[in-house]
1. Please report Rg over Rh for the range 551-655, where both radii come from the alpha carbon positions and Rh follows the Kirkwood definition.
2. So if each residue of separation counts as 0.36 nm, and I subtract the Cα-Cα distance between Lys1042 and Ser57, what length gain in nm does that give?
3. From the Cα trace of the range 76-129, what convex hull volume per residue do you get, rounded to a whole Å³?
4. Averaged per residue, what accessible surface does the range 31-131 expose to a 1.4 Å probe, in Å²?
5. Please report, to two decimal places, log10 I(q)/I(0) for the range 333-390 at q = 0.22, 0.25, 0.26, 0.30 Å⁻¹ as given by the Debye formula with identical point scatterers on the Cα atoms and no solvent.
6. First compute the accessible area of the range 402-517 with a 1.4 Å probe, then give the percent of it belonging to carbon and sulfur atoms.
7. Taking only protein heavy atoms and a 1.4 Å probe, what accessible area per residue, in Å², does the range 179-306 have with all protein chains in place?
8. What distance in nm separates the simple spin-label points at Glu925 and Arg1010, each placed 7 Å from Cα in the Cβ direction?
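The values are calculated or read from the model by the stated rules, or taken from the named source; none is laboratory data. For clarity, every value in this text was computed on a predicted model and none was experimentally measured. Neighbour counts run over all protein chains shown; Cβ positions are idealised from the backbone, glycine included. What goes into the accessible areas is simple: the full protein's heavy atoms, side chains included, and nothing from ligands, DNA or RNA. Shrake-Rupley method; radii C 1.70, N 1.55, O 1.52, S 1.80 Å.
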Amino acid sequence: MAIGCSIMAVVPLLAQYTLAQAGYGGGASTGIPGVSSFVAPAGYPTSAFSSYYPSPSGQEPQPALYDPVLNITFPRNLTNPDTIPDNDPDPVYYPQPIAKLSTVAQQAVIKSILAAVSEIINGSSIQGNCSKCIAALSVAKSAAQLAPSLVPAAMVALCTSSGFHSASTCAEDFEASTFGAIWTQVLGLADVAGLDGQYICSSLSTSFCPAPGVSPLNMTGLFPKPKPANAKKPAASGELVKVLHMSDFHLDPRYKVGSESNCSSGLCCRSNALNSAIPPGQVSNSAPLYGAFTCDTPYDLGLAALQAVGPMTGTSKTNPLAWTVYTGDLVSHESQNELSRLYAEYEEDSIYGMLKTYLTGPVYPALGNHDTNPEAIDAPHSLPGPLGTQFSWNYDHVAGLWQHEGWLNSTGAEQARLHYGGYSVKNQYGLRVITINTDFWYKSNFLNFIHTSDPDVSGTFAFLIQELQAAEDAGERVWIVGHVLSGWDGSNPLPNPTNLFYQIVDRYSPHVIANIFFGHTHEDQQMIYYANNGTNQSLATALTPGWIGPSVTPLNNLNSGFRLYEVDTATFDIFEAYTFYANVSAFPSLPSTQGPTYKFEYSTRATYGPAAKWPADAPLNATFWHAVTEAMEKDAGLVSTFNTLQGKMSVKTPNCTCEACVEAKTLLMPQATESGRHFLILATSHWPSTTHYIRGSKYINLNLRAQTWDSIIRTSTRQQRRTPSTLTTASAITTTAMAPTKGFAQKAAQELGLTTLVHSPRDIHLLLLTRLIRMFAYGSSTLILALFFAALNHSDAQIGLFMSLTLVGDVLISLLLTLVADSLGRRRILIMGALLMTFSGAVFATVGNYWILLLAAVLGVISPSGNEIGPFRAVEESTIAHLSDASTRSDIFAWYVVFGTLGTAGGALACGWVTQGLQAAGWSELASFRFVFWVYAGIGLVKAGLSLFLSPACEAQQAATKKPEEREAEGVDLQEQQPFLADGTAAPPPPKPKPVPKRIGITTLSAKSRATLIRLCALFFFDSLASGMVPNSLIAFFMERKFNMPQGKLGTILATASFTSSIGNIMASSIAKRIGLVKTMVFTHLPSAIFLALFPLPTSLVITIILLVARASLSSMDQAPRSAFLSAVVLPEERTAVMGIVNTVKTMSQSSGPLITGTLAGGGRFWVAFVVAGALKASYDVGMLTMFVGMKIDGDRKPEPADEEAEPESDDDSLTGDAPANRSRS
């Protein structure tokens, strides 16, 4: 059999060469998203980073990285390939000792315990390896409780003396600075005599204790609600967007060109990597510039891959990726004594910075097992004292970087800090992305051996359930992103957390969970999650697919690669997947004038769809992948294809053509257990061959690295697992999977944005409250402002001039404050504006001189129109955009407008009846008006007080979290942080981002924002001029003159109009979700313009009121979509300035309106102002529709169809698996 396999290997080798030239599935010329190949430019794009340390010619670059979160520049010696450290300088943590012993006493304890453990190991009083191991742990626990700081040295000594490992391995495993302190925590806190002890002993060696099985899971109260009957997912929109999947970058900044790439152990292509088979100083295989099969990613390869993404995927800054998922692992595969916190932070800063530079659209990263220090170790917050926060340095760092890059808002960053780098975010298309830290089921995270009976010690799965339940309630679809696979073979995850995860996937699939993504194995692989723990694996029970991303690193004999998905914007199912690769074997022979070539490898649909008989319009879901496995059982050639693509066409991939290999790939045998729900899968693995343990999922195994088949051939037997009901027919493939049925109240709350409002941050609630009371003040003052000046015997022309000059003054003050708001602090500007309100109100309450009143209005804040004035709106809208997701922003802005109109209505109503009541009580008209201004001044003080409660999250950027002196305390050499020039002179430090944003003006805006801004300002000029001609104060003045109405009745009419406007505003967000922001703005605003032009014509008060209310119900429905539109079409860092400029232009144009109206009114032509204003507003609407209706906007998204209207669709599916782990290789 083995001879037959060898003979048959010739054909696949030739096939691989042919496929590498043309590309699988669709060919190189058609059916691909971008170019068929991309040749990276020779050398290194120096624009990738702003500053560099000097490095020898021919070596990879050494960026002088500045970290905006830590506020440091990483030192040169951290990544110098010639000075690789051999010890970890980070602080270590021990459990609190239960007694205070002297050093001598502690040493005596350790000596006694070592003797006792040696007696247990070597004696005959306890029989059996497992019993001996448990007994030794029980004795050793006392050492961790009484003398914890001495335990690591004792473990190294015991390991060495017993011959358990070599001296070097014992040191790497148990020294305090590597894993010794971690093992001490485990000894001190675990139940070593119980289940925890069995896990510990099995982890140390399976010859000590067998791996424990799955513990019974208590499902009582696990989920907040039962799974809905006949749960459905939305119908496909037919609109596909491009989503990138990158994984396992494993950047090696210590890579040395020309070093040994065929080293005997450890990570190769390093100055300290040697080949023991040749004399010292010689190199058998020289490390090329762009990497090798036994090495991690040098900068030159990583940047070549990132440069290839745009051309290969057909995306660019003008046609961006919708988003990217990054499934973890940034740090190179160092031995533990070469790692440190600072090195991990460097890798995080470097790679996330490169992703931000070269990838378009947001990136949603998950942490991998290498993205911490010590490697793979993360501590649950439930550990006592400082042990529960010993890794918060990492979560704080990545959360800060993700927020700095604009991928997470402040809420998501806070989640990442709390949930170990995990977070939940709803993207601009309405998809909820939930990332989790999979180290909490990873077997190499030794802290997981504490309280193993609890599958969720960290609370990670409680967080996942909480977010999935919220998504189900809101009718959202979810992608779950992690790193370490959930567990197909038992070598990576612990069974209890894996079991819990399977129950979660089963509960929320396929109607909520659309896809699951992992990395870790470095290979191109798939998983399928099945219902009911996989007891019946068929087309009907396949729930959710698991996509395992190919690695950028070539380590483990693989080519470098990445994957692109085409995703439906309603179901978020994947309809196509393309994989791209670079042939690593060609790197040594590349000419100096050429970089690596990335090529289109294959289309998933074209490669597997025909064999699976898959419909062309069906998604690549779990049902699809199950059909592929059935096709593999019939077609050995398909298995061989799968195997070739697994390694990204690597020449190192062993062939899979003989029967034994095919059988090992596809064999799945049910195995009876206590629960009757477990399965065995016999397959080859990424490392040594083993029999693997699986629960509830199937792993489409593609692992064929350096494998001997004899053991598999001897143990393999074939067993059919299909039933007649699983025949691959269209009816069998198509199953129902729609969004859950919601009650009317829940639907209404979601449609009206109440759900978004309730779950929004506290800062947004405070901003809405301050908006409400401010507009109450504006509404009260605007009703009486013109009447106040008339009571002071000022002419109509003077009244118009006052209102115009007031708006001009507001232009200057507001523009100044909004342009510096982000640098001076948004909260500070809001407080200053509120105090200016108080100043103006106090002056109006006490002074009657026209010019003093004008000066107070210009320098302070008085609204002549009842609309926004001052710096408030620009700052608040920018802050709301900063605090909210693009997909829900229109909901928040709708309620922002509603609160404003309610405030205006309440103010007008209260003012009208209060002034009328005071006058009836004997107050003069002027005195009653002055009372209103005193209330206005008081509201300004209340608003200033409320602004004090806003959190720092409202600011554009928070100060750096760590100071240099704090880094010195952690052992950072700050004296070696500045780069040096070749002549030895000190180079200027690289530019450091300041802790506050730069001030932005019209000349410093990006070209895209500036072009959009110019068009918008031109249109807003006409709309705002019309608004300025007929503000509420002049409408009230017009109606009082025409119909001789008292203030109380007039205030009631205006309040009614404002309340009606609020109802319209509530509906604006729901309409925008269906027809888009621009259409909502135009189709609601245009009728109101017509009503405005008709307003002065009726002689009947009733018809006039009808026109007023009809206009009010529609006129402000465009405000929330307009704010969401404006925040979506400019860069986030430019929002405050752009909104300030827009509001300035609007106020400038408004300022001339009252002057025009005052002149017309003085000449007896008051009515003309309304007709002209209506015509101007109609022109604005036509212009908006013409210029912007075709623009792609983040806020525009398709609505989630009602359940009864959704079409049946293929089940969303699920597949989960794990590749065997090796601490230094995965």
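1. 1.04
2. In short, 346.0 nm is gained.
3. Value for the range 76-129: 210 Å³ per residue.
4. Result: 52 Å² per residue.
5. Evaluating at q = 0.22, 0.25, 0.26, 0.30 Å⁻¹ gives log10 I(q)/I(0) of -0.95, -1.04, -1.07, -1.18.
6. 51
7. On a per-residue basis, 37 Å².
8. 5.3
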